[in-house]
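Notes for the one structure printed next.
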Amino acid sequence: MNPVWQTFLQEHHATIEKGQVIHFREDNAIEIKNAQTDTILVDLSHFGLIHFSGEEVLTFLQGQLTCDLRKVNHQIAQYGSYCTPKGRILANFIIWSQADHNGYFMQLPSTLLEAVSKRLLMYILRAKVRLNDSSDSMIRIGIAGNKAKSLIEEVFHNTALPISPLGIVHSAQGSILCRDTNRYEIITTLDHAVMIWPHLALQALPVGTICWDWLEIRAGIPVILPITQEQFIPQMVNLDITGGVGFQKGCYPGQEIIARTQYLGKLKRRMYLVNIASSQPVMAGDQLFSAELPEQSCGMIVNAAPSPEGGFDALAVIQTNSVASGKIFWKRLEGPVLQIFSLPYLLPQ
């Protein structure tokens, strides 16, 4: 987290641990309720930002990532992933183009930024591509709720905001990325951020990052973390549905396995939206079990956050046969039963 920005947030009553805003109030449960009913304001410094530039940047990234960079422009961002040669996800991200078309920004968890950067640097070799960590130079602010669009329009005068997910618009004050209905991300400089935040905070409630995580979960958008690296291929976390895999592009690490699964194989695991009635924290990487397969795990938690309705909402990759045949249990067969909800997009039958 940018140290000046961290001091600014702390002066505005943020409690920060390890570069992440924990809360602005002592009671996280109240903030989670706010995320459900009110307009909220969130610092997104727990995500890192890699800037790619250079004459050959499009060709290089097209040969490394699962998404089709030809579909990314100054008006449209994309989800994507970076995989091992076996098709297992090392990181997933959002990627967008700069307003001047001079490169791309990739946003991913800050805990993965260094490892992913080092791995990509190994493949740049003599390519005319530059890679820089822009996490501290570009401040990211999330705002969500019924007033989100109107509040941003007050700050970014005469800027027509995108209303479709992953639409992006650029202005002199920064860029605005539509993440979902009534949910936006502002990407701006430190100087602009310290002016924008107080204005937005007049009508939007500042909250901890777990509230944004909960909104991502409810939107069915996974975030691969260190503990879940190399656990899933892109289709398992529904990246084929959300546009994070380009099946009409050239080769990239893992492409053969990912394409074979799409066209020749039957996918045995999918990601579901679930609630777990537990007073104990549900964590990414937690194993799931079914009476049909008592000796082995039938799934894994991808992401989890406290639910305003109680327990934890989570995204979980589960064997489709286990979902169809009976109950799924958290951590052990005697554990809480998962309640499965509909995602905001359709899963293939």
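The values are calculated or read from the model by the stated rules, or taken from the named source; none is laboratory data. Just so it is clear, the model here is predicted, and its values are computed rather than measured. We place every Cβ from the backbone using ideal geometry, glycine too, and count neighbours over all the protein chains shown.
A few comments on the model shown:
- Tally, over region 1-24, of residues that are without any contact (Cβ under 8 Å) to a residue 12 or more places away in the chain and either touching a Leu at 6+ places or on another chain (Cβ under 6 Å) or in a loop (DSSP other than H, G, I, E, B) (or both): 1
- The set of residues in region 52-81 being over 16 Å from Arg126 (Cα atoms) and part of a strand (DSSP E or B) consists of Leu65, Asn73, Ile76, Gln78, Tyr79, Gly80, Ser81.
- Candidate set from region 316-349 (those that are assigned to a loop (DSSP other than H, G, I, E, B) and at pLDDT below 90); member that is surrounded by the most Cβ atoms within 10 Å (Cβ to Cβ): Gly326
- Selection of first residues in region 34-56 that are charged (D, E, K, R) and of second residues that are assigned to a loop (DSSP other than H, G, I, E, B), restricted to Cβ pairs under 6 Å at least 6 apart or on distinct chains, gives the following pairs, ordered by first then second residue: Asp38/Gly145; Glu55/Lys128; Glu56/Ala127; Glu56/Lys128; Glu56/Val129.
- Residue match in region 74-84 (condition: modelled with pLDDT under 95 and surrounded by fewer than 22 Cβ atoms within 10 Å (Cβ to Cβ)): yes
- Qualifying residue in region 104-126 (condition: out of contact with any Cys (no Cβ under 7 Å at 6 or more places or on another chain), on the phi > 0 side of the Ramachandran plot, buried (at least 16 other Cβ atoms within 10 Å of the Cβ) and not polar (S, T, N, Q)): no
- From the list Thr189, Thr181, Thr159, the one residue that fits, being in contact with a strand residue (DSSP E or B) (Cβ under 6 Å, 6 or more places away or on another chain) and polar (S, T, N, Q), is Thr159.
- Members of region 243-261 found to be of a type outside the set (Gly, Ala, Ser), outside any loop (DSSP other than H, G, I, E, B) and farther than 26 Å from Arg179 by Cβ, listed by number: Gln255, Glu256, Ile257, Arg260, Thr261
- For region 33-52, taking the residues that are closer than 30 Å to Gly311 by Cβ and aliphatic (A, V, I, L, M), the one that is surrounded by the fewest Cβ atoms within 10 Å (Cβ to Cβ) is identified as Leu44.
- Boolean, Gln248 is among the polar types (S, T, N, Q) and either at pLDDT 95 or above or not assigned by TED's automatic domain parsing to the domain that holds Gly19 (or both): no
- Selection from region 323-349 of residues that are of a type in the set (Val, Ile, Thr) and under 13 Å from Asp313 (Cα atoms): Val337, Ile340
- The condition of being of a type in the set (S, T, N, Q) and farther than 25 Å from Phe312 by Cβ holds for only one of Asn92, Asn28, Asn132, that being Asn132.
- Test: residue in region 53-63 that is within 20 Å of Gln229 (Cβ to Cβ), assigned by TED's automatic domain parsing to the domain that holds Pro165, surrounded by fewer than 19 Cβ atoms within 10 Å (Cβ to Cβ) and at pLDDT below 95: no
Residues checked against (1) in contact with a His (Cβ under 9 Å, 6 or more places away or on another chain); (2) assigned by TED's automatic domain parsing to the domain that holds Asp100; (3) over 14 Å from Val42 (Cβ atoms):
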| site | (1), (2), (3) |
| --- | --- |
| Gln173 | yes, yes, yes |
| Cys178 | no, yes, yes |
| Glu185 | no, yes, no |
| Ala193 | no, yes, no |
| His199 | no, yes, yes |
| Ala204 | no, yes, no |
| Gly208 | yes, yes, no |
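- Some residue of region 267-276 being over 29 Å from Pro308 (Cα atoms), touching a Lys or Arg at 6+ places or on another chain (Cβ under 8 Å) and either in contact (Cβ under 8 Å) with a residue 24 or more places away in the chain or in the same structural domain as Leu315 (by TED's automatic domain parsing) (or both): no
- Any hit, region 299-310, residues being in contact with an Asp or Glu (Cβ under 8 Å, 6 or more places away or on another chain), free of Cβ contacts under 8 Å to residues at least 40 places away in the same chain and surrounded by 17 or more Cβ atoms within 10 Å (Cβ to Cβ): yes
- So Glu114, is it at pLDDT below 95 and not β-branched (Val, Ile, Thr): no
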